[in-house]
Amino acid sequence: MIHETLLRKDEQIGKELLAREQETYKKEIDAMQREIGAAKGAVRRAEAHCRTKKIYAPISGQLLRYEFVVGELVRPDGVLYEVFGGTRQVLKLQISERYAAKVAIGQLYSARLESFRGFQTHYFKGKIESLRNVIQAEGRSTYRVAYCDFNAEGRNIQPGTTASARIYYGKSCLWFHLFNIDL
């Protein structure tokens, strides 16, 4: 009888200790779940921050970053990054400031690439797709940049190839064209 009473008492104490341990474990699990929730929130915020830094554009290619020294003035007309290569090629023309006001989006051009210059000179044709809104300067020359569509016609053209281009605008007199007079 005493033995059974002690056994029941031990069982009672064991159940109470087990209940206390389970309660402690449940509290620890709840705290860990809150930490996991906070960590998931931090991950979502970090992912959202990374998504704001990504550049999404309908272009592909190799990104070229221009280097600047500390303290150098970077102006709005300066180029910080450029994309070369990729699946879609773009012809970038520097139009002298003197003629910049005469050029508009949609005008046609004819360009001769320096790498295809020679006995059988080939002219590439297309139209201007966009213009920069600022006049840039390099040394004493000032110019506006025009971005043109470009069809390589199956030829292998390396990024950075230079070109000479003629942009067609308005109507002109044949004599002005022959004597290279521009009004």
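Note on Arg166 and Ala42: with the Förster distance fixed at 45 Å, the Cβ-Cβ geometry gives a FRET efficiency of about 0.20. When the P(r) of the range 114-166 is calculated, the portion above 17 Å amounts to 51% of the C-alpha pairs. Neighbour counts of other Cβ atoms within 10 Å put Phe124, Phe179, Phe68 in the fewest-to-most order Phe179, Phe68, Phe124. Per residue, the Cα convex hull of the range 1-54 amounts to 35 Å³. For the peptides 92-98, 41-47, residues were scored by their other Cβ atoms within 10 Å and the scores averaged per peptide; the highest-first order is 92-98, 41-47. Using the Karplus relation 6.51 cos²θ - 1.76 cosθ + 1.60 with θ = phi - 60°, the per-residue 3J(HN,Hα) values for the range 10-21 come to 4, 5, 4, 5, x, 5, 5, 4, 5, 5, 5, 5 Hz, with x marking Gly and Pro.
Every read-out reported here was derived from the displayed coordinates using simple, explicitly stated rules and does not represent laboratory data. All values derive from a computational prediction rather than experimental measurement. Virtual Cβ from ideal backbone geometry, glycine too; neighbours counted across all protein chains shown.
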